[in-house]
1. Considering only residues that are outside any strand (DSSP E or B), buried (at least 18 other Cβ atoms within 10 Å of the Cβ) and not hydroxyl-bearing (S, T, Y), which ones fall in the stretch A:21-39?
2. In this structure, does A:A178 turn out to be small (G, A, S), surrounded by fewer than 22 Cβ atoms within 10 Å (Cβ to Cβ) and within 22 Å of A:E328 (Cβ to Cβ)?
3. Does the stretch B:243-272 hold any residues that are open to solvent by 60 Å² or more (accessible area, probe 1.4 Å) and more than 18 Å from B:A21 (Cβ to Cβ), and which are they?
4. Kindly evaluate C:E104 against the criterion of being at the interface with another protein chain (Cβ under 9 Å from one of its Cβ atoms), away from ligand 2 (no atom under 16 Å from the Cβ), on the phi < 0 side of the Ramachandran plot and under 15 Å from the mean Cα position of the chain (by Cα).
5. Please pick out the residue among C:A112, C:A121 that is under 20 Å from C:L167 (Cα atoms), away from ligand 1 (no atom under 16 Å from the Cβ) and not in a loop (DSSP other than H, G, I, E, B).
6. Cβ-Cβ below 8 Å, separation at least six or inter-chain, first residue in the stretch C:29-45 and over 23 Å from C:V5 (Cα atoms), second within 9 Å of ligand 1 (Cβ to nearest atom) and of a type in the set (S, T, N, Q): which pairs?
7. Among the candidates C:A187, C:A172, single out the residue that is outside any strand (DSSP E or B) and more than 16 Å from ligand 2 (Cβ to nearest atom).
8. Would you point out the residue of the stretch C:1-17, among those that are aliphatic (A, V, I, L, M) and within 23 Å of C:L77 (Cα to Cα), that is most open to solvent (accessible area, probe 1.4 Å)?
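The values are calculated or read from the model by the stated rules, or taken from the named source; none is laboratory data. Bear in mind that the values here come from a model prediction, so they are computed numbers and not experimental data. Don't worry about glycine lacking a Cβ; one is built from the backbone with ideal geometry, like all the others, and counts go over all protein chains shown. We work out accessible area using only protein heavy atoms, side chains counted, and drop any ligands, DNA or RNA first. Shrake-Rupley method; radii C 1.70, N 1.55, O 1.52, S 1.80 Å.
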Amino acid sequence: MNRLEILKKSLINAILGILLTFPITVIKVNTIEKEITWRWYMLALVGSVIFVISYLWIRQQERQKAGITFKFKESKLGIKYHSLMDKPGVTKRVLIFSTILIIALPFITSPYTTSIFTTALIYIILGLGLNIVVGLGGLLNLGYAAFFGVGAYTFAILNQNFGIGFWLALPLGGLASALFGAIVGLPVLRLKGDYLAIVTLGFGEMTRIVTENFGALTNGPSGIANIPKPTLFGHTFGYFGSTRFVYLIAVALVVLIIFIVWRMENSRIGRSWVAMREDDIACEAMGVDLTKAKMTLFIISASIAGIAGVLFAAKTTFINPQSFTVWESIMILCIVVLGGKGSVRGVILGGLILILLPEYLRAFQQYRMLIFGFLLIVMMVFRPGGIIQNVRKIYKIEGDLSNE
Amino acid sequence: MDVGYFFKLLLSGLTRGSIYALIALGYTMVYGIIKLINFAHGELYMIGAFTGLIVASVLNYAGVDPVLTLVIATIFAIIFSSAFGVTIEKIAYKPLRNTQRLSALISAIGVSMFLQNFVLLFQTSDFLSFPNLIPEFKFLAPVENYLSSPQILIYICTAIFLIGFTVLVKFTKIGKAMRATAQDSKMSLLLGININKVISVTFLTGSAAAAIGGVLISSQVGQINFYIGFIVGIKAFVAAVLGGIGSIGGAVLGAFVLGLVESFGTGYISSDYEDLFAFLFLILILTFKPSGLLGKSLKQKV
Amino acid sequence: MSSKVLEIKNLLMQFGGLKAVNDVSLDIHESQITALIGPNGAGKTTFFNCLTGVYTPTSGDINIIPPGKKLIRANGLKPNKITEIGLARTFQNIRLFQNMTVLENVMIGRHAVTNAGVLGAIFNGKKTKEEEKKIIHDSHEILKVMNLEKFANEFASNLPYGAQRLLEIARALATDPFLLLLDEPAAGMNPQETIELIGTIEKLKHEFNLSILLIEHDMHLVMNLSDMCYVMDYGRLIAKGTPEETANNPTVIKAYLGEDF
Ligand SMILES: Nc1ncnc2c1ncn2[C@@H]1O[C@H](COP(=O)(O)OP(=O)(O)O)[C@@H](O)[C@H]1O
Ligand SMILES: [Mg+2]
């Protein structure tokens, strides 16, 4: 298709789109005053948005049909980036510099910024945890927020009833969540693909409903307040101090979890997960116990969510069931899918984009979910691997130089 | 035991069941043909309800006869819902037909998010009240404590739609093509069946059913917002799975079983846990009989 | 005659009304190459799926006798258990791990004979490191035997078709089997590749001391390789014997070519 044809087709699409969305975009009903507002300007707005999107969409489709795919390495920016980074010592300097920047951040910015970055870090932890199941294992878990919630509530409840502090709650929250993961995993892990997704969604919602109605322990829909911030060897911080401290704990946890995920994904166990994602029947025929593999995946991923939950409770000092709905799960899924399934760097990027962007582009906030929804579709259609595609490790074969 | 209360619950269970049946139909047909859980199907029901409300309000405020208004609003709801259904398929599912099934499911989640927020942004996040259009049927006066006019209307419309739908699937050419595609899509392609058309018709009828359900239930309940599709959609999916996904009779059966269980469950146990029953059902059925009540159990060919 | 490694008695596999495998009994002997032939849809792959735990047979017995060990009744065991016992298979419609490298595909095969767990992976101690090194080394050796080492770091999906079939075999070999089940290993190969495959299978048999059960259409390959030949049609065994005997058996000819011939 040439440009003119694409333009023509986009114009038709724009007109069809206007017709399709007419009642919802143009007519606004005020059912209390019994008034109708006709917003004719919407025609132009909707039409032009659809026209532009349609044009880009078709052009991209044509490109992919012609075999042109975007490779960062071969793009202009990518070539510059690599020629810069490949110079000796540069990577190391960049690493040192960013480490300093990350640690210094709470001391050079406002508590507000620090707090937002902490949120982003918590979501990165969640993304990394979900990524183990979705990215490596290829199992879609739509109830992940429930594991997050179990961690948060474990801390809140243990603190209310037994005065247990953050540091003890951190492993306990992970443990409780892992246990919960095992209980959920038992019946659901026999299921495949999309069924698994829906059942985990069901479990997630059930957990929320039970939390809302089990007031004696969870204080119902109103939630639990006055959860203490973390202390350092018994020392409590003021508002600024504790915001910084929670941020630094989050950084440490992210680093720890990245380390664990890296170790895991190139191990015997991690390989078997990826193989399961690629072809479960062949994987089983290679001697991998699928039930055991899935259970391990689920439990590890659940415990990471639990840890994130404890951190979340400590950060906000207040939790209620609304923080752990299915949309929370889907938000975490967006981080993984948009960033790059199976790729640690992708998940970090996804977390930063999805949490920071709406915070800083206030105008964007309102359209956040609309755009994320749309991006999910675009990503699946054009780049199912996510922004940063997962690469497999290249193994060196030792003692066999003749083949190099 | 209070017999009157029992009947009230029974009838309200049938009402729920009817609505679930209308929505579950779309799930089961789409799954039967392209093996996709159309996560966004509940949103088509919501779009149907909204279109219905908007059109009905415009006519109602202009003083058009209520019954005529209801009819016109329903027709518009069907048209727009179906158009959305077919469009979604073209944009978000068709390009993913030959990829991993998880990709299509994630795309469907994206559609669901998009449509909910689309309506939220362009309309409102508040509940809107649906005009009261259904006339009081005089003949119901003796039983008005148990059965309302909207309920009767829901039963009748559901029955008519189900019969019409059965005729479509059993006796028309496109219906036969649909069944053939559900059996074996590769083979149907070889036999010259136009798969794209079959899929479009599937989305069209599924969305139409959902739209009818949307308008009917909205005029009974009296208010709607952008979120109504999600939970009902999930429940209708549960109904489809319960009956055996891919089986049309199964979807209807599953819908009524779920509707009745919910109605009796909330009536006799606790209304706090209204949404719990569906999920419990889902987990139990998939754990113990994944093929559902009427579905055939199939072993994956290796 | 050498001892049995596998003994099938009256195996039945039913799908609804269809008896895909119907009352099949056969034995596989140590260090022999046994061929299973028959027209398309005869039930050969289904038979394999029963042996390897993908399907649980409706009735009958599957007894595995690992050389020098006690008999194991294998009905209803999970596929990974069967692999652990020492049966390994390839798939007729290639089922490689497409987005993993060729080397990694073979490394998965070593899963059953190694044991590093989650903690091992995280702490990556001496034992784990050594095991990992050995997995890489062994897998690479297998690639060499199969003449695939030049592809080691390619994605499996990028291999030419013939090489994909070989990788299927390599991956199966990595599980240390005593009985190798090959489902149409030459399907889609050109004559040259097929001749090479015959050599490779011979080599494997001796080098790894294998017994082999082979489903094949290519009569040339069957005649050249097999010691014993079984013929299936409509789920039943209709003939057995040496390859020459079966090739000249009128029932077999009829099954392959139809009544009118
Ligand atoms: N999972 C299954 N469900 C139903 N029928 C099956 C299944 N697997 C195989 N069959 C049927 O069993 C018969 C034998 O198939 P197969 O074993 O693949 O034959 P072959 O490998 O000899 O060509 C075929 O008719 C096939 O359709
Ligand atoms: Mg076969």
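1. First, pick out the residues of the stretch A:21-39 that are outside any strand (DSSP E or B): A:21-26, A:31-34, A:39.
Subsequent filtering for residues that are buried (at least 18 other Cβ atoms within 10 Å of the Cβ) retains A:21, A:23-26, A:31.
Hits for the stretch A:21-39 are A:P23, A:I24, A:V26.
2. Working: small (G, A, S): yes; surrounded by fewer than 22 Cβ atoms within 10 Å (Cβ to Cβ): no; within 22 Å of A:E328 (Cβ to Cβ): yes.
Answer is no for this residue.
3. Within the stretch B:243-272, the first condition is being open to solvent by 60 Å² or more (accessible area, probe 1.4 Å), and the residues that meet it are B:253, B:268-269, B:271-272.
B:Y268, B:I269, B:S271, B:D272 - these are the residues of the stretch B:243-272 that are open to solvent by 60 Å² or more (accessible area, probe 1.4 Å) and more than 18 Å from B:A21 (Cβ to Cβ).
4. Values: at the interface with another protein chain (Cβ under 9 Å from one of its Cβ atoms): yes; away from ligand 2 (no atom under 16 Å from the Cβ): yes; on the phi < 0 side of the Ramachandran plot: yes; under 15 Å from the mean Cα position of the chain (by Cα): no.
Here the answer is no, as C:E104 does not meet what is asked.
5. On the way: C:A121 fails: under 20 Å from C:L167 (Cα atoms).
Result: C:A112 is the single residue among C:A112, C:A121 that is under 20 Å from C:L167 (Cα atoms), away from ligand 1 (no atom under 16 Å from the Cβ) and not in a loop (DSSP other than H, G, I, E, B).
6. Close Cβ pairs (under 8 Å, with a partner that is within 9 Å of ligand 1 (Cβ to nearest atom) and of a type in the set (S, T, N, Q)) do not exist here.
7. Values: C:A187 fails: more than 16 Å from ligand 2 (Cβ to nearest atom).
Exactly one residue qualifies, and that residue is C:A172.
8. Quick first cut of the stretch C:1-17, residues aliphatic (A, V, I, L, M) only: C:1, C:5-6, C:8, C:11-13.
From what is left, the residues that are within 23 Å of C:L77 (Cα to Cα) are C:5-6, C:8, C:11-13.
Details: C:V5: 0, C:L6: 0, C:I8: 3, C:L11: 0, C:L12: 29, C:M13: 2 Å².
In this case the residue turns out to be C:L12.
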